[in-house]
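Novice: Pasting a structure here, questions to come.
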């Protein structure tokens, strides 16, 4: 058994990226600014964008999410997913981090940073319970993670989300606070709404991606599919991401701009959450010998959150103008630029991993 160092130059890797990929942080910040500006200067824009919804989410955002996820899921080699499912180490570690450690950590942070603001605290806890099923595929792909593993972990998170979200919400908002002598929050979660969200935002692009690869390879072979077809549709994932960000921040521009101090207070625990969960997951994956690709996938699927679901649940349960809804909106405001930065951190960290060959 010999060991060779994995590629350790993040700059060499990013140099191979397209202009769109290489300057993604710039485009994302510009999209956020554009969205905030549009929401501020165009009266009634938010109402117009919210007038038609799909699975509890504004139609433009829903379209952006579908466009964003399809190219990523079309890249997955579905014939290799059995390898991922058989990786018990990755599966168990992901489930424990996603559904035990991460929600508990967000609960602790919410109470430490927002003990006097129950609405924001509740919203933050809801964000922590909504495990990522969408944008994590983009971040994982940019960081050269394991695409097949990401697809499987996202699917598992989706299934757990349907069955566990309501139960965990009840536990963290009512049961655990009672045990600790803390104030409780009453909340009812619609299992159907959660199921519909998962089916729409994961199910549709997943089926489309699977059929595209299966039929494309059958018709013209894998070489054509991966060498010619995928490069053509690849950029649409980032177009969809940027469009989604513009619409999302246009919807909430007034709220964010009118309450800057509240946004800062909500943002601080989120910054700690993303940094600690991502860093801890990378360390855990490395210590378990998972290798760079699987460790990166583990870290991004653990650190990312399904802000679409969190916002939809907060609005449906507490109202569109509630503090809980604002906390959900601040989620992507912090998550998007932070996770983009963590893509570069992940690429830089490759030098600390080794690839073993026989």
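The values are calculated or read from the model by the stated rules, or taken from the named source; none is laboratory data. Everything quoted here is computed from the prediction, not taken from an experiment. Reconstructed Cβ throughout: ideal geometry from the backbone, glycine too, with neighbour counts over all protein chains shown.
Novice: Residue under question is residue 225, and the condition is that it be surrounded by 18 or more Cβ atoms within 10 Å (Cβ to Cβ) and free of Cβ contacts under 8 Å to residues at least 24 places away in the same chain; does it hold?
Specialist: It is true that residue 225 is surrounded by 18 or more Cβ atoms within 10 Å (Cβ to Cβ) and free of Cβ contacts under 8 Å to residues at least 24 places away in the same chain.
Novice: Here is a follow-up. Restricting to region 6-46, give me the number of residues that are out of contact with any strand residue (DSSP E or B) (no Cβ under 6 Å at 6 or more places or on another chain) and at pLDDT below 65.
Specialist: Matching residues across region 6-46 total 13.
Novice: The conditions are (1) free of Cβ contacts under 8 Å to residues at least 12 places away in the same chain; (2) in a helix (DSSP H, G or I), and residue 184 fails exactly one of them. Which is it?
Specialist: Residue 184 satisfies all of (1) free of Cβ contacts under 8 Å to residues at least 12 places away in the same chain; (2) in a helix (DSSP H, G or I) except (2).
Novice: When residue 330 is evaluated against the numbered criteria (1) closer than 22 Å to residue 64 by Cα; (2) crowded, with 24+ Cβ neighbours inside 10 Å; (3) modelled with pLDDT of 85 or more, which criterion, by number, is the only one it fails?
Specialist: (3)
Let's see how each residue does on (1) more than 19 Å from the chain's Cα centre (by Cα); (2) surrounded by 24 or more Cβ atoms within 10 Å (Cβ to Cβ):
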{"position": "248", "(1), (2)": "no, yes"}
{"position": "254", "(1), (2)": "yes, no"}
{"position": "262", "(1), (2)": "yes, no"}
{"position": "268", "(1), (2)": "no, no"}
{"position": "273", "(1), (2)": "no, yes"}
{"position": "280", "(1), (2)": "no, no"}
{"position": "284", "(1), (2)": "yes, no"}
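Novice: Another one. Quick one: in region 249-258, which of the residues that are at pLDDT 75 or above and in contact with a helix residue (DSSP H, G or I) (Cβ under 8 Å, 6 or more places away or on another chain) is nearest to residue 334 (Cα to Cα)? Explain how you work it out, then say what you get.
Specialist: Of all residues in region 249-258, those at pLDDT 75 or above come to 249-251, 257-258.
Adding the requirement that they be in contact with a helix residue (DSSP H, G or I) (Cβ under 8 Å, 6 or more places away or on another chain) leaves 249-251, 257.
Numbers: 249: 12, 250: 16, 251: 16, 257: 14 Å.
Among those residues, the one meeting the criterion is 249.
Novice: Let me ask something else. Could you list, in sequence order, the residues of region 46-66 that are crowded, with 18+ Cβ neighbours inside 10 Å and in a helix (DSSP H, G or I)?
Specialist: Passing the criteria: 46, 49, 60, 61, 62, 64, 65, 66.
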